[in-house]
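What follows is a short report on a single structure.
The values are calculated or read from the model by the stated rules, or taken from the named source; none is laboratory data. Being a predicted model, the structure only gives us computed values, none of them experimental. FYI the Cβ positions are ideal-geometry reconstructions off the backbone, even for glycines, and counts take in every protein chain you see.
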């Protein structure tokens, strides 16, 4: 293939094992510590000068992380010690196409061996200019995705602040004219959770299928809700079914008490569906999010924590008797939420388009030699940094 040559991975880069550091050895700072799953914490010292590329070596294998700043690669990772003149950002994309998790050499614990990886046969673009062009195209997608993520976080924060203003600080519209009687605004009620909601505990399915069939529904577990994988199960009479927008709470494990917005599917055994009238759904969702620390502190179980349903049932939520006030809140709150959901859908399309382009660009099937590429802002900054240090 013109402009591409066949080499070993070790001919274009050198991988090095990361550096161990315990929580007790870390000090407050702004240097990211990169583990196999990404940024795990921050420290006040760095081991490697950025930009850098880190690969998950143990635990979560083959994940690829690009870091613009100086960083500390954890012992659970491999990092590129020598780029051998190649473009770092391009290499981060290139490595994603190799499916490095398939090179596991661990007997009991999943592990990558850098010496084995160095011997992988690859087809690689010879010109750094070609690498930069490909990276620029893919970076444009990633910059848009990251910008949307920031906007989503801001919109979600604005929705949360609307809830806190109305239902925690009690500064709802017209609050100045409302009397407070024994800590409760006149015309409001202090209701225990059981009078508003019902917990419907999910159930373990008999079998999970990897491919969708006509009679199957998505299986609602943590991986599915976090976008990491989809399994399908048969709906049964005693199944708990989630619909789009339902409230789901993780009931078991280290992250018990986490609250998710549900999607249509069969709810797994580690979750409970929080059944509530649609009118109160957004208020209750934010109430549970705000109460998580309180909920976790009352978990049961020593080896495996469990959310204490009885304790949650006794939690008190203040709600106005006048449903028009709730409806007005929903309009304001959902305005932010709908904007965030639109951005989520935009990101799903961007990710799909980027992932479709990635193998074609990396392999050279889609030529970039004659394209007039406008480099995204992130790439321009990287080029300026390279020029300064050249």
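Note on the range 28-53: residues that are in contact with a helix residue (DSSP H, G or I) (Cβ under 9 Å, 6 or more places away or on another chain) and in a strand (DSSP E or B) amount to 4.
Of the set (1) out of contact with any strand residue (DSSP E or B) (no Cβ under 9 Å at 6 or more places or on another chain); (2) assigned by TED's automatic domain parsing to the domain that holds residue 257; (3) in contact (Cβ under 8 Å) with a residue 12 or more places away in the chain, all apply to residue 303 but (3). Comparison of 134, 152, 145 shows that the only residue that is part of a helix (DSSP H, G or I) and over 22 Å from the mean Cα position of the chain (by Cα) is 134. Summed over the range 157-207, residues that are in a loop (DSSP other than H, G, I, E, B) and either under 26 Å from the mean Cα position of the chain (by Cα) or over 22 Å from residue 333 (Cβ atoms) (or both) total 10. Against the conditions (1) touching a residue at least 24 places away in the same chain (Cβ under 8 Å); (2) assigned to a helix (DSSP H, G or I); (3) not assigned by TED's automatic domain parsing to the domain that holds residue 307, residue 115 satisfies every one except (1). If you check 343, 358 for being surrounded by 11 or more Cβ atoms within 10 Å (Cβ to Cβ), at pLDDT 95 or above, in contact with a helix residue (DSSP H, G or I) (Cβ under 7 Å, 6 or more places away or on another chain) and not in a loop (DSSP other than H, G, I, E, B), only one passes: 343. Looking across the range 169-207, the residues that are touching a residue at least 60 places away in the same chain (Cβ under 8 Å), touching a strand residue (DSSP E or B) at 6+ places or on another chain (Cβ under 9 Å) and farther than 18 Å from residue 249 by Cβ come down to 170, 172, 184, 185, 187, 188, 189, 190, 191, 205.
Kindly provide the set of residues from the range 300-309 that are assigned to a loop (DSSP other than H, G, I, E, B) and more than 24 Å from the chain's Cα centre (by Cα), ordered by number. Before you say what the answer is, go through the steps one by one.
Start the filter on the range 300-309 by keeping residues that are assigned to a loop (DSSP other than H, G, I, E, B), which leaves 301-305, 307-308.
Matches in the range 300-309: 301, 302, 303, 308.
Are any of the residues in the range 102-109 outside any loop (DSSP other than H, G, I, E, B), in contact with a helix residue (DSSP H, G or I) (Cβ under 7 Å, 6 or more places away or on another chain) and buried (at least 17 other Cβ atoms within 10 Å of the Cβ)?
The first filter runs over the range 102-109 and keeps only residues outside any loop (DSSP other than H, G, I, E, B), leaving 102-103.
Those still in the list that are in contact with a helix residue (DSSP H, G or I) (Cβ under 7 Å, 6 or more places away or on another chain) too: 103.
If we keep only those that are buried (at least 17 other Cβ atoms within 10 Å of the Cβ) as well, we get none.
Among the residues of the range 102-109, not one is outside any loop (DSSP other than H, G, I, E, B), in contact with a helix residue (DSSP H, G or I) (Cβ under 7 Å, 6 or more places away or on another chain) and buried (at least 17 other Cβ atoms within 10 Å of the Cβ), which makes the answer no.
The single condition among (1) out of contact with any helix residue (DSSP H, G or I) (no Cβ under 8 Å at 6 or more places or on another chain); (2) modelled with pLDDT of 60 or more that residue 390 does not meet is (2).
Being in contact with a strand residue (DSSP E or B) (Cβ under 9 Å, 6 or more places away or on another chain) and surrounded by fewer than 16 Cβ atoms within 10 Å (Cβ to Cβ) is the filter here; which residues of the range 67-101 pass it? Lay out the reasoning, then the answer.
Keep residues of the range 67-101 that are in contact with a strand residue (DSSP E or B) (Cβ under 9 Å, 6 or more places away or on another chain), which gives 67-84, 86, 88-96, 98, 100-101.
Within the range 67-101, 68, 69, 75, 81, 82, 84, 101 qualify.
Taking the conditions (1) modelled with pLDDT of 95 or more; (2) surrounded by 20 or more Cβ atoms within 10 Å (Cβ to Cβ) in turn, residue 36 satisfies each one other than (1). In summary, residue 91 fulfils each of the numbered conditions (1) assigned to a strand (DSSP E or B); (2) modelled with pLDDT of 95 or more with the single exception of condition (1).
As for the range 62-85, it holds at least one residue that is in contact with a helix residue (DSSP H, G or I) (Cβ under 8 Å, 6 or more places away or on another chain), closer than 13 Å to residue 48 by Cβ and not in a strand (DSSP E or B).
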